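Computed from the coordinates by the stated procedures, all read-outs in this text should not be read as laboratory data. These figures come from a predicted structure and were not determined experimentally. All Cβ positions, glycine included, derive from the backbone under ideal geometry; neighbour counts span all protein chains shown.
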Amino acid sequence: MNEVVIIGGGLAGTEAAYQLAKRGYHVILYEQRPQKTTEAHKTDRLGELVCSNSLKSMEITNAHGLLKYELSEYGSLIIEQAYKNRIAGGKALVVDREEFSKGITEIIEKEKNIEVRREFAEHIDKSKPTIVATGPLSGEFLERNFANSVKGNNLYFYDAISPTIVTESIDFTRAFWGSRYMEGDNAYLNIPLNRDEYNKLVDMIKNAEKAHVHEFDRELFFEGCLPVEEIVKRGDNTLRFSLMKPVGISSPEGFDKPYAVIQLRRENREGTLLNIVGFQTRMTYTEQKRIIRSIAALKNAEIARYGSMHRNAYVKTKNVLNYNLSLKQHPEIFFAGQITGVEGYVESTLTGLIAAVQMDRYIKGIAPIKFSRNTPSGALLNYLFFNISDNMQPMNINFGLFPPIEEKIGKKERRERMVKRAKWWIEKQKVEILETI
Ligand SMILES: Cc1cc2nc3c(=O)[nH]c(=O)nc-3n(C[C@H](O)[C@H](O)[C@H](O)COP(=O)(O)OP(=O)(O)OC[C@H]3O[C@@H](n4cnc5c(N)ncnc54)[C@H](O)[C@@H]3O)c2cc1C
């Protein structure tokens, strides 16, 4: 029986272990807890949820719901346990966190093909097929073990995310394309603000509720990457003289000379997602939504990814990993979970499943699966490997990552078409995913 190693018994690691065990491998799963723990984990259970007990929407017309549907179709352990231990939560999949991780631990520990070693894996034996799923708080471990593979600026230790908006939800009658001092260059979408609008925005940011900051996240700020709420503390005009400066931008006909400008930049090649430049923030999600939607051009904005600033170790995927999630320098070593550059419990689980399926194919000499961008898995992988940002920030699933529906139809109908298209492709992918069991 082939032996494989998995380091990390979190969401991605346990999903990967389960999938490989089902495919006939002897899996050695290293989990450091309880011997050694992280700043976020509280128990010694496998698959522990480190914070919220919500796995977000279950609705299939929501990208989070569609991702869960896809994982269920592929036989995900984590999603199965989530539904099994579901508690009341409206449209969201909210779980009893104790029962959830207890269920995962029992299944993994009882599985005859999995040997759980409660040890901190100090070093990685690069000659053995291994999945590294050590989570967002394992930056030092990654740096120590993969110094050569992640050299340069290819390993991040924290994220600094500024909100991302689905382009089609922006009111383009109140915005225009253009770059500072570059006539004819359309790299940025500019939202001009007058004095009143600017002052209102600054006031709202000043008074906004901030998210709880963990002790280990307190020391993150450094000059050049301050959250927007820290910038406004330095004076009401600071934003207007820095990232919102109105200079060098020529307003087209019909627009007044702006007092300040919010700039958005494409997040992907098609421009279906736009990122608000420099607005990394620790405001709560509710406040971010309220403030963003108070800006006339963004009144109906669909927020694909909220801003955040966390300790968060992840690699610059496209430079470091192959499409099958193995390391370019060591094709026997695969990465999974948050360290691949995805954001979220279910997204981390997905990469655990993908790494396992692709590793199995690699060992058996079968070509890797090429995931369709019309499915949540393919859409996320497409972001990881083909994003155009120099400073890649982790991404959660959202419809802005999918190929757009070009026809001019209403939002509801567009979503329904996207879901129908996704289901068709998931059905096809499912055959490939399950064929090796
Ligand atoms: C503080 C915090 C709060 C978060 N809150 C949310 C949230 O509310 N909702 C959400 O969707 N996402 C949240 N995330 C993001 C992300 O979804 C979670 O971090 C998720 O747990 C990532 O899954 P993972 O499998 O990649 O890592 P983890 O679940 O962290 O699993 C990694 C595992 O590896 C073990 N390990 C690490 N190094 C070694 C080693 N060398 N040897 C042996 N074992 C090792 C760890 O003990 C751990 O069990 C949060 C992240 C953090 C840091």
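Grab the other residues whose beta carbon is less than 13 angstrom from that of VAL247, score K and R as +1, D and E as -1, and report the net. List each step's numbers first, then the result.
Details: positive: ARG180, ARG240, LYS245, LYS257; negative: none.
Combined, the nearby Lys, Arg, Asp and Glu give +4.
Report the Cα centroid-to-centroid distance between segment 157-229 and segment 297-367 in angstrom, as an integer.
Value for the Cα centre distance between the two parts: 26 Å.
Helix-derived [θ] at 222 nm for the chain: sum -39500 (n - 2.57) over DSSP H runs of at least 4, divide by residue count, nearest 500? Walk me through the numbers before you get to the answer.
On the way: 12 runs with 139 residues, N = 437.
That calculation yields -10000 deg cm²/dmol at 222 nm.
Residue by residue through segment 50-64, which ³J(HN,Hα) values in whole Hz follow from phi under the Karplus form 6.51 cos²θ - 1.76 cosθ + 1.60 (θ = phi - 60°), with glycine and proline marked x?
7, 8, 4, 9, 9, 9, 6, 4, 9, 5, 5, 7, 10, 4, 5
Give me the net charge for the shell around ASP256: Cβ to Cβ below 14 angstrom, other residues only, Lys and Arg +1, Asp and Glu -1. Present the calculation step by step, with values, prior to reporting the outcome.
Details: positive: ARG174, ARG195, LYS257; negative: ASP196, GLU197, GLU253.
Summing Lys and Arg as +1 and Asp and Glu as -1 gives 0.
Jot down the radius of gyration and Dmax of the chain, Cα atoms only, both in angstrom.
Rg and Dmax of the chain, Cα atoms, are 22.3, 71 Å.
Could you please report the charge total around ILE28, scoring K, R as +1 and D, E as -1 over all other residues with beta-carbon less than 14 angstrom from its beta-carbon? Show your work: numbers first, answer last.
Working: positive: LYS112, ARG117, ARG118, LYS128; negative: GLU3, GLU31, GLU109, GLU111, GLU115, GLU119, ASP125.
Charge balance in the 14 Å sphere: -3.
By average Cβ neighbour count within 10 Å, what is the ranking of 91-97, 156-162 from highest down?
156-162, 91-97
Can you pull out the trypsin sites (Lys or Arg not before Pro) in segment 254-343 whose DSSP state is coil and whose Cβ has at most 16 other Cβ atoms within 10 Å?
Answer by residue number: ARG269, LYS299, LYS328.
If you average the sequence gap of Cα pairs under 8 Å that are 6 or more apart and divide by the length of segment 272-426, what percent do you get for the contact order?
For segment 272-426, the relative contact order is 20 percent.
Nearest 10 degrees, 0 to 90: what angle lies between the long axis of helix 97-110 and the longest principal axis of the chain (Cα atoms)?
That helix lies at roughly 30 degrees to the long axis.
Running Debye on segment 164-306 with equal point scatterers at the Cα sites and no solvent, what base-10 log of I(q)/I(0) appears at q = 0.09, 0.12 Å⁻¹?
Reported log10 I(q)/I(0), two decimals: -0.27, -0.48.
At a threshold of 8 angstrom on Cα-Cα distance, excluding pairs fewer than six apart, so keeping six or more, what relative contact order does segment 164-306 reach in percent?
41 percent
For TYR285 and VAL431, compute 0.36 nm times the residue count separating them, minus their Cα-Cα distance, and round to one decimal in nm.
Roughly 48.8 nm would be gained on extension.
Highest mean first, how do 344-354, 33-43, 135-145 rank when packing is the count of other Cβ atoms within 10 Å averaged over residues?
344-354, 135-145, 33-43
Counting alpha carbon pairs within less than 8 Å and at least 6 residues apart, what relative contact order, in whole percent, applies to the chain?
Details: 843 pairs, mean separation 92.9, N = 437.
Result for the chain is 21 percent.
Please sort 421-427, 232-238 by packing, taking for each peptide the average over its residues of neighbouring beta carbons within 10 angstrom, highest first.
421-427, 232-238
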